[in-house]
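The values are calculated or read from the model by the stated rules, or taken from the named source; none is laboratory data. Only a predicted model underlies this, so the values are computations on that prediction, with no experimental measurement involved. Glycine gets a Cβ as well: all are built from the backbone with ideal geometry, and neighbour counts include every protein chain shown.
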Amino acid sequence: MFEPISITREIIGDGSSLLLCGNGAGELPAELAAHEGKVQCVYIDPPFMTGGTFTRRRRFGQKGWRTGSPAPEYPAYDDRFASREDYMVFLRGVLTNAHRLLSPTGVLCLHLDWRASAYARILCDEIFGEDRFLNEVIWAYESGGRARRHFSRKHDVILLYAKSRKYRFDLTKVPLERSAVRRNHMRRQVDETGRAYRSIRSGGKEYRYYDDTPVYPGDVWTDISHLQQRDPERTGYATQKPLKLLDRLLRPVVQPGDMVCDLCCGSGTALVAAQVLGCRVLGMDMSAEAVLIARSRLSLRDMAIETPCAAPARLEATYTPEEGVLLLTDFRAEHPSFPKTERAFDRLESWSAGYIQDGRLVTLQHFHRSPKHPDLPLMCVLPENLPNLAVQTVDAAGRKSVFSWK
Ligand SMILES: C[S@@+](CC[C@H](N)C(=O)[O-])C[C@H]1O[C@@H](n2cnc3c(N)ncnc32)[C@H](O)[C@@H]1O
């Protein structure tokens, strides 16, 4: 029989990457503070001081994951600060933590928009030093509505600051495809050796731009679009950023094996991009549900995850100790948003199995739905006669439960 227990900590492998539910602007928990001075890149995409609230849409059940059909909407996070002063206190907290965590070669990327970027720039000058400023990247896009009483505000601002003069930044890691660079106004020619180039004359001089020499991004990026409604990357988290954007920010700064941190990680985009580049990650978010969305996107190898148990779900399963076979037979979770469904397991979005050791769940197997794999396996093979067997579930509203086998 499986009985609900309250276990907040999950460990997979050596637990050297962290994903925690907590306040990125407050005092850092000891295990995060242990990385002080060792993080190569901190990306922060905090609330922008919009005065609004944001939602997350979650697909429901096998059909929802297969077709992307009606996804219930839940609150994600609140971006309503009582005043600009309150917002700046929050921002100061996150930036101070970021500064502490960064290594001497490290770089901060702070993602904001027109609402707070000017104030944040001054705060960064104060915390990092004016001479540590590297860039104000303008990420311009076309999506969203159009203004009538002023020009449409169609860009975000990403401030880059170095921790010290020894910062690492290799622009050659992000060459652009030449086709992406507009040189329409230049004449295309071929030189005496057969190399194609475009040229322009200015001040009596000819400037040649060869097709086979790389070009690199400047600080205005117009070639990365916001995620579209049906983008396969989309998790339903309202302010999710595109992986391509994070790849361009991280690639010049990090090397495989480096540590990358996001103190307001949301759906985990920066962490996913960092893992793709071979980095370890430290992620934090106030919202447990955001952390669980990030968990479902990440490679969980060598990860420690801390999230509260939030759902009083019920699980029925059988475990055959002599064969190590675990079979889920029923799952119950209630939420007003859940459609009435015949299939109990539609309410289950992901699960993992392992054992309890020192008050933590040591995960051995984990499964979650994805557009490619909408069907959730309900059986797994664990070591035979596994003591302290436990199962963790996340329901379709993004709430975690843990059960131990009695
Ligand atoms: C703009 S979203 C981040 C989106 C993310 N970059 C992504 O691609 O999904 C801002 C996030 O900051 C989180 N947040 C707000 N206040 C926070 C705090 N004090 N500490 C940690 N996270 C916080 C919110 O829960 C939200 O997930």
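Could you identify the single residue in GLY194, GLY257 that is away from the ligand (no atom under 16 Å from the Cβ), more than 11 Å from the chain's Cα centre (by Cα), at pLDDT below 95 and in a loop (DSSP other than H, G, I, E, B)?
Numbers: GLY257 fails: at pLDDT below 95.
One residue alone meets the criteria, GLY194.
Checking the stated criteria, TYR43 turns out not to satisfy the condition of being within 16 Å of the ligand (Cβ to nearest atom), hydroxyl-bearing (Ser, Thr, Tyr), touching a residue at least 40 places away in the same chain (Cβ under 8 Å) and touching a Ser or Thr at 6+ places or on another chain (Cβ under 6 Å). The single condition from (1) modelled with pLDDT of 95 or more; (2) out of contact with any Cys (no Cβ under 7 Å at 6 or more places or on another chain) that GLU306 fails is (2).
For every residue, the table says whether it meets (1) modelled with pLDDT under 95; (2) β-branched (Val, Ile, Thr); (3) under 21 Å from VAL39 (Cα atoms).
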| residue | (1), (2), (3) |
| --- | --- |
| THR96 | no, yes, yes |
| LEU102 | no, no, yes |
| LEU108 | no, no, yes |
| ARG115 | no, no, no |
| ALA118 | no, no, no |
| LEU123 | no, no, yes |
| GLU126 | no, no, yes |
| ASN135 | no, no, yes |
| ILE138 | no, yes, no |
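Looking at ALA76, ALA120, just one residue is closer than 26 Å to LEU250 by Cα, within 16 Å of the ligand (Cβ to nearest atom), out of contact with any Leu (no Cβ under 9 Å at 6 or more places or on another chain) and of a type in the set (Gly, Ala, Ser), and that residue is ALA76.
The lone criterion from (1) at pLDDT 95 or above; (2) closer than 30 Å to PRO377 by Cα left unmet by PRO70 is number (1).
When ILE200, ILE224 are checked against the criterion of being in a strand (DSSP E or B) and hydrophobic (A, V, I, L, M, F, W, C), ILE200 stands alone in meeting it.
Quick one: is LEU20 within 12 Å of the ligand (Cβ to nearest atom) and in contact with a helix residue (DSSP H, G or I) (Cβ under 9 Å, 6 or more places away or on another chain)? Here the answer is yes, as LEU20 does meet what is asked.
Whether a residue is under 20 Å from the mean Cα position of the chain (by Cα), surrounded by fewer than 19 Cβ atoms within 10 Å (Cβ to Cβ), among the small types (Gly, Ala, Ser) and on the phi < 0 side of the Ramachandran plot was assessed, and SER6 does not pass this test.
Listed by first and then second residue, the pairs linking a residue in the range 115-141 that is touching a residue at least 40 places away in the same chain (Cβ under 8 Å) to a residue that is part of a strand (DSSP E or B) and surrounded by fewer than 15 Cβ atoms within 10 Å (Cβ to Cβ), with Cβ atoms under 6 Å apart and 6 or more places separating them unless they lie on different chains, are ILE138/VAL220. With the requirement that a residue be out of contact with any strand residue (DSSP E or B) (no Cβ under 9 Å at 6 or more places or on another chain) and modelled with pLDDT under 95, what does the range 154-182 give you? SER179, ARG182 - these are the residues of the range 154-182 that are out of contact with any strand residue (DSSP E or B) (no Cβ under 9 Å at 6 or more places or on another chain) and modelled with pLDDT under 95.
Here is the figure for the range 260-283: residues that are in a helix (DSSP H, G or I) and under 19 Å from LEU20 (Cα atoms) total 7.
Can you name the residue in the range 219-243 that is of a type in the set (A, V, I, L, M) and touching a Lys or Arg at 6+ places or on another chain (Cβ under 6 Å) and is also surrounded by the fewest Cβ atoms within 10 Å (Cβ to Cβ) among such residues? Working first, answer last.
Step one: of the range 219-243, the residues of a type in the set (A, V, I, L, M) are 220, 224, 227, 238, 243.
Now restrict to residues that are touching a Lys or Arg at 6+ places or on another chain (Cβ under 6 Å): 224, 227.
Working: ILE224: 17, LEU227: 19.
Looking at the filtered set, the residue picked out is ILE224.
When you check THR55 against the structure, is it in a loop (DSSP other than H, G, I, E, B), within 12 Å of the ligand (Cβ to nearest atom) and in contact (Cβ under 8 Å) with a residue 24 or more places away in the chain, yes or no? No.
Looking at ARG295, ARG332, ARG360, which one is modelled with pLDDT under 95, among the charged types (D, E, K, R) and either in contact with a strand residue (DSSP E or B) (Cβ under 9 Å, 6 or more places away or on another chain) or under 19 Å from SER401 (Cα atoms) (or both)? Walk me through how you get there before you give the answer.
Working: ARG295 fails: modelled with pLDDT under 95; ARG360 fails: modelled with pLDDT under 95.
Of ARG295, ARG332, ARG360, the one residue that is modelled with pLDDT under 95, among the charged types (D, E, K, R) and either in contact with a strand residue (DSSP E or B) (Cβ under 9 Å, 6 or more places away or on another chain) or under 19 Å from SER401 (Cα atoms) (or both) is ARG332.
Among residues belonging to the range 229-246 that are in contact (Cβ under 8 Å) with a residue 40 or more places away in the chain and of a type outside the set (A, V, I, L, M, F, W, C), point out the one that is farthest from the ligand (Cβ to nearest atom). Among those that are in contact (Cβ under 8 Å) with a residue 40 or more places away in the chain and of a type outside the set (A, V, I, L, M, F, W, C), it is ARG230.
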